[in-house]
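Encoded as structure tokens, the structure appears first; notes follow it.
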Amino acid sequence: MNKQFLQHDYYTDVITFDYGEGEIVSGDIFISIDRVKENASKIGVVPLIEDRRIIIHGVLHLIGYQDKTKLKKSEMTILEDRYLSLYLTNNQGKKEVKNTK
């Protein structure tokens with residue numbers, strides 16, 4: 001999909017297609033589970049947590065954030081960390097993390 005739709009000749013963990021108009025948030029988020037598992041292993045987290053981070057990343061794209069420059073990517077990473085942390089403080093998030101170990 002990355003090559004077909006974005007002309008990128010490499011694998012990626014997430015591709016987001018934004019269909020929103022004005023205040024309407026709409027789109028598709030495609031996630032490569034293989035890439036998520038590889039990334040999780042590299043950074044030492046369970047795949048479920050990396051999956052949640054990738055979902056957050058896709059949603060950030062849908063609401064207008066971009067990561068084309070080093071600065072924009074850094075801003076998105078800060079937001080990903082913030083929202084992932086909020087997710088993990090939720091009792092359901094803690095339960096999911098505990099059940100995956």
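We did not get these values from a lab; they are worked out from the coordinates using the rules stated. Bear in mind the structure is a predicted one, so any value in this text is a computation, not a measurement. Cβ placement follows ideal geometry from the backbone for every residue including glycine, while neighbour counts extend to all protein chains displayed.
Residue-wise HN-Hα couplings along the stretch 58-65, as the Karplus relation 6.51 cos²θ - 1.76 cosθ + 1.60 with θ = phi - 60° gives them from phi, are x, 5, 4, 4, 5, 9, x, 7 Hz; Gly and Pro carry x. Put one equal scatterer on each alpha carbon of the stretch 10-96, apply the Debye formula with no solvent term, and list log10 I(q)/I(0) at q = 0.13, 0.15, 0.16, 0.25 1/Å to two decimals. These q points yield log10 I(q)/I(0) values of -0.45, -0.60, -0.68, -1.36. Taking other Cβ atoms within 10 Å as a rough exposure proxy, Val45, Val36 sort from fewest to most as Val45, Val36.
Less than 15 Å apart at the alpha-carbon level, and either on another chain or at least 8 residues along: which aspartates and glutamates does that give for Lys37? Once the sequence-local aspartates and glutamates are set aside, what remains near Lys37 is Asp13, Glu50, Asp51.
Extension gain, Thr89 to Phe17, is 23.0 nm, computed as 0.36 nm per intervening residue step minus the present C-alpha separation. Here the contact order of the stretch 10-96, divided by its residue count and restricted to Cα pairs under 8 Å and six or more residues apart, works out to 23 percent. Backbone geometry of the stretch 31-45 corresponds, through the Karplus equation with coefficients 6.51, -1.76 and 1.60 at θ = phi - 60°, to 3J(HN,Hα) couplings of 10, 8, 4, 4, 5, 4, 5, 4, 4, 4, 4, 5, 9, x, 10 Hz, x marking Gly and Pro.
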